[in-house]
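Notes for the one structure printed next.
The values are calculated or read from the model by the stated rules, or taken from the named source; none is laboratory data. Values in this document were obtained by computation on a predicted structure and should not be read as measured data. Heads up, the Cβs are rebuilt from the backbone with ideal geometry, glycines too, and the neighbour counts pull from every protein chain shown.
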Amino acid sequence: MDRDPQDNPDVESTDSNSLDVVETQLPAEEDGLEHLRLEVKRTRTNRRLDKYLSGRLGKDTSRNALQRYIREGNVTVNGKIVKPSYTIRIGDVIDMMLPPVKKQEIPAEDIPLEVVYEDDDLIAVNKQADLIVHPARGNWSGTLVNALAWYFKMNWRDISEMPTSGEAFRPGIVHRLDRDTTGIMLVAKSELALWRLGWQFEHRKIQKTYTAICHGLFKLDEDIIDHPIGKHPKIREKYAVHRKTGKPYPSTTKQAVTRYKVLQRIRNVGQSQASFTLVELYPKTGRTHQLRVHASAMNHPIVGDKMYGGGPIYRSQLLGQNDRAEGPLITRQALHAHTIEFAHPRTNKPMKLEAPWPRDFTETLEVLQTMGQQL
């Protein structure tokens, strides 16, 4: 059912029979700024200027941006500079100098994609290492979304047709993997899939299985890690395990639960005599860096995860040459999302998709098995 603008306090009526404002589009300035004039004919009482303009301009201009424009003097009322909190009145003439709306485009980039499954509603890919999922500050290109834009372009479709949850640079994205975590990822191609897959993730109806190579030997074959996770108190991009009593950062703590199962233990590897464990991880919750933080909290950080205490593996080190770093096997975190189970968003039929281990993962495991003792 369509809502009447009167039902939404942030949207002003534009019915010609009850006109509340006269809008005039004046010629653009030489610097490209858009000059907009609004003459207020009717308004509700106690209406803030920034909120009023946000309702008039819609999603093209955010309220935060409007507040900044007003403070910088790019918005005047009756020829005078005012504050964002100014209360508008009948008869006010509002002049605005706004930059032209930038079209939000995602450049298509020819980045290889391994498509595991695709239909009209979704696409599943086996994400490679060193690939960020979507554009963001500092990384506007070279992402999975840029690769998808190219893929769809080659298949006679524009990525702008993909559904979003209001964030233009995350079309179809319903979940993410860390930059150096490899494996299966689902991307919604239809509005129905975006909503229903999102609902399944939110209500923990989707089962993901990861494989990791960790430092050291796990004592138990299976167990559940139930450690709450929060932002690291000193390192902005890092997360940490907090106890539920949580001092001194209780407000940042969220429940995080991971089940694990040991697949193989490998000890006395080469001259280094190092030990490793191949483990499956089943996250019940989906916190940022959850598996990496939980593994580190058990004193078994994931191999290659430098942020959380895991070191890379080089052949030279396994041969006891600790003063060298030669023959790299795996230098990024050895974490792979190999299976995902969910209900198809249209048919509701159960689906299970798998992504094979990447080469650096399999080769590392083969070397460890060859040089060590398997338990």
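At a glance:
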read-out: Identity of the residue in the stretch 53-62, crowded, with 16+ Cβ neighbours inside 10 Å and in a helix (DSSP H, G or I), that ends up modelled with the lowest pLDDT; value: 57
read-out: Pairs, first on the phi > 0 side of the Ramachandran plot in the stretch 205-230, second surrounded by fewer than 14 Cβ atoms within 10 Å (Cβ to Cβ), C-beta under 8 Å, six or more apart; value: 216/299
read-out: Number of positions in the stretch 152-174 that are closer than 18 Å to residue 124 by Cα and either free of Cβ contacts under 8 Å to residues at least 24 places away in the same chain or out of contact with any strand residue (DSSP E or B) (no Cβ under 7 Å at 6 or more places or on another chain) (or both); value: 12
read-out: Number of positions in the stretch 350-375 that are over 28 Å from residue 205 (Cα atoms) and among the basic types (Lys, Arg); value: 1
read-out: Any hit, the stretch 117-127, residues being crowded, with 18+ Cβ neighbours inside 10 Å, touching a Pro at 6+ places or on another chain (Cβ under 9 Å), among the aliphatic types (A, V, I, L, M) and modelled with pLDDT of 95 or more; value: yes
read-out: Any hit, the stretch 249-262, residues being modelled with pLDDT of 95 or more, polar (S, T, N, Q) and more than 30 Å from residue 149 (Cβ to Cβ); value: yes
read-out: Residue 143 at pLDDT below 90, under 14 Å from the mean Cα position of the chain (by Cα) and of a type in the set (Ser, Thr, Tyr); value: no
read-out: For residue 133: the one exception among (1) of a type in the set (A, V, I, L, M); (2) over 20 Å from residue 190 (Cβ atoms); (3) in contact with a Ser or Thr (Cβ under 7 Å, 6 or more places away or on another chain); value: (2)
read-out: Hey, residue 287 crowded, with 18+ Cβ neighbours inside 10 Å and of a type in the set (D, E, K, R) or not; value: yes
read-out: Scope the stretch 287-313; condition under 16 Å from residue 224 (Cβ atoms) and assigned to a loop (DSSP other than H, G, I, E, B); matching residues; value: 287, 298, 300
read-out: The stretch 310-366, subset crowded, with 16+ Cβ neighbours inside 10 Å and among the β-branched types (Val, Ile, Thr), residue farthest from residue 208 (Cα to Cα); value: 313
read-out: Any hit, the stretch 43-52, residues being in contact with a Phe, Trp or Tyr (Cβ under 7 Å, 6 or more places away or on another chain), among the hydrophobic types (A, V, I, L, M, F, W, C), modelled with pLDDT of 90 or more and surrounded by 14 or more Cβ atoms within 10 Å (Cβ to Cβ); value: no
